[in-house]
Amino acid sequence: MKKILVLGGAGFIGRNIVKELVSNGHFVTSADIKESQELENLKNSSNGDNLEIFTADFSDPSSFRILRESYDELYMLAAVVGVNRTLKNPEEVVRINTSLTMNTLNYVRENPVKKILFSSSSENYAGTSDLFNAQIPTDEDVPLCISDVKHPRWTYAMTKMHGELAFLHCAKAYNFKCTIVRYQNIIGPNMGFGHAIPHIVERFCKLSDKVFKIYGHDQTRAFCFIDDAVKGTILSMESLKADGEIYHIGKDEEISMSELCLFIGEIMGYKGKYENAMTYPGSVARRCPDITKAKNDLKYNPEFSWKDSVKKTVNWYRDFFESGRNPDSGGFEPPEQVMRSYD
Ligand SMILES: NC(=O)c1ccc[n+]([C@@H]2O[C@H](COP(=O)([O-])OP(=O)(O)OC[C@H]3O[C@@H](n4cnc5c(N)ncnc54)[C@H](O)[C@@H]3O)[C@@H](O)[C@H]2O)c1
């Protein structure tokens, strides 16, 4: 039984990793600024003794005092995420995400942790894709790039590049092994509300006119189901080959926003018209990861097709919106409105 810390354990990817690690028989500490009902339920289940939950703001270094004195493994997933939050509060993205990285490293200097996995993002090479025609599907050797320092969108990517460098280069000095995973559009039930698929379902559920706007119709993305991402993350943590390496964890099926919206419309039984429309400011034109390295090194083999992944995700959000509930935060805001508040 390993002793494992998951920072950001109440988040979408975090709580699914926590559940898997607990069911694999490990002792897990979940640390997050927010609470999670799913983790509370797990705590009250037969496996509950293997889970410890701490709720605190870990951008404050003193919060780390509540943790144990050592861990075998640390999954560093805590971050402020979401395009709209990044556009509206770039100063918070910079402060919180870089503090979380530096506070974690300061904790590890004093408290032995054998291995750390840092969660990074495909945003790190979005600038390279748009400006320098990076190869698509894109592998881990792609140069990282911020295309416009003055655009708030890039604050998030900057904090992820900072995290990659900080963890990789402190590993030797602070005596821990380290792996970076760059997640690529991970989706699934209850993934939060600040993402494309929840927004599309919300819009279909609340559609008042007979035309559905397809924002960024010719842009492409590749969606990966949460169960596959959890497997890829744990393989990245546990494989000896992964030490000091970076992996793209996602799925290599590139689809356009038009294909995505038409498929979701079909699931939702929508019979009306579609119209192509603008996209969010700074949004990358194409994205699809090359996952060959993870397949070869880790035997990572995502099982869920994009259609199965999208369907499972859409069904959860359709139930949510059709029950009359509304998200506390992160709901849909049209690009036209986000653009205005940015200008
Ligand atoms: N989901 C994806 O497709 C994707 C893509 C690229 C990168 N990532 C990265 O993976 C990680 C997990 O993403 P996710 O989709 O689960 O997002 P999420 O927002 O659901 O999870 C992040 C968690 O971090 C926590 N957090 C934020 N500030 C904190 C603070 N000050 N102290 C303690 N906890 C704090 C949040 O409460 C949240 O539970 C993030 O670092 C994200 O940047 C995710």
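The values are calculated or read from the model by the stated rules, or taken from the named source; none is laboratory data. In this text the structure is predicted, and so the values were computed from the model without any measurement. Backbone-built Cβ (ideal geometry, glycine too); neighbour counts: all protein chains shown.
I'd like to verify a number: residues in the stretch 198-207 that are within 16 Å of the ligand (Cβ to nearest atom) and surrounded by 21 or more Cβ atoms within 10 Å (Cβ to Cβ), how many? So that I can check it myself, show each step before the final result.
First, pick out the residues of the stretch 198-207 that are within 16 Å of the ligand (Cβ to nearest atom): 198-200.
Within this subset, residues satisfying the condition of being surrounded by 21 or more Cβ atoms within 10 Å (Cβ to Cβ) are 198, 200.
The number of residues fulfilling the criteria is 2.
Matching residues to (1) among the polar types (S, T, N, Q); (2) closer than 16 Å to ASN103 by Cα:
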| position | (1), (2) |
| --- | --- |
| SER23 | yes, no |
| ILE33 | no, yes |
| SER36 | yes, no |
| LEU39 | no, no |
| SER45 | yes, no |
| SER59 | yes, yes |
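Is it the case that the stretch 1-17 has a residue that's within 21 Å of SER239 (Cβ to Cβ), basic (Lys, Arg) and touching a strand residue (DSSP E or B) at 6+ places or on another chain (Cβ under 8 Å)? Yes, the stretch 1-17 contains at least one residue that is within 21 Å of SER239 (Cβ to Cβ), basic (Lys, Arg) and touching a strand residue (DSSP E or B) at 6+ places or on another chain (Cβ under 8 Å).
Beta carbons closer than 6 Å, at least 6 apart along the sequence or on distinct chains, pair a first residue in the stretch 25-38 that is modelled with pLDDT of 95 or more with a second that is among the charged types (D, E, K, R) and more than 9 Å from the ligand (Cβ to nearest atom) for HIS26/LYS2; PHE27/LYS3; THR29/GLU52.
In the stretch 190-198, the condition of being polar (S, T, N, Q) and touching a residue at least 12 places away in the same chain (Cβ under 8 Å) is met by at least one residue. Just to be sure, is ALA277 over 20 Å from ARG15 (Cα atoms) and at pLDDT below 95? Considered against the rule, which asks whether it is over 20 Å from ARG15 (Cα atoms) and at pLDDT below 95, ALA277 comes out as yes.
Working only within the stretch 208-230, note down all residues that are within 15 Å of the ligand (Cβ to nearest atom) and of a type outside the set (Asp, Glu). Within the stretch 208-230, ARG221, ALA222, PHE223, CYS224, PHE225, ILE226, ALA229, VAL230 qualify.
Selection over the stretch 138-174 of residues that are outside any helix (DSSP H, G or I), surrounded by fewer than 22 Cβ atoms within 10 Å (Cβ to Cβ) and not charged (D, E, K, R) gives a count of 9. When we screen PHE212, PHE193, PHE204 for residues that are among the aromatic types (Phe, Trp, Tyr) and assigned to a helix (DSSP H, G or I), the only hit is PHE204.
So which of VAL230, VAL314, VAL284, VAL310 ends up being surrounded by 17 or more Cβ atoms within 10 Å (Cβ to Cβ), modelled with pLDDT under 95 and not basic (Lys, Arg)?
VAL284
Residues in the stretch 251-283 that are without any contact (Cβ under 8 Å) to a residue 40 or more places away in the chain and outside any helix (DSSP H, G or I): SER256, GLY269, LYS271. Taking the criterion of being within 15 Å of ILE17 (Cα to Cα) and either assigned to a helix (DSSP H, G or I) or among the β-branched types (Val, Ile, Thr) (or both), the residues of the stretch 49-66 that qualify are ASN50, ILE53. With respect to the conditions (1) within 19 Å of the chain's Cα centre (by Cα); (2) surrounded by fewer than 16 Cβ atoms within 10 Å (Cβ to Cβ), ASN133 falls short on a single one, namely (1).
Could you list, in sequence order, all residues of the stretch 77-123 that are within 14 Å of the chain's Cα centre (by Cα), part of a helix (DSSP H, G or I) and near the ligand (Cβ under 9 Å from one of its atoms)? The answer is ASN97, SER122, GLU123. Scoring PHE193 on the criteria (1) out of contact with any Asp or Glu (no Cβ under 9 Å at 6 or more places or on another chain); (2) modelled with pLDDT under 95; (3) not β-branched (Val, Ile, Thr) leaves a single failure, condition (1). Looking at GLY25, GLY14, just one residue is over 16 Å from PRO189 (Cβ atoms) and either part of a helix (DSSP H, G or I) or more than 7 Å from the ligand (Cβ to nearest atom) (or both), and that residue is GLY25. Scanning the stretch 55-76 for residues that are surrounded by fewer than 18 Cβ atoms within 10 Å (Cβ to Cβ), hydrophobic (A, V, I, L, M, F, W, C) and near the ligand (Cβ under 10 Å from one of its atoms) yields a single hit, ALA56.
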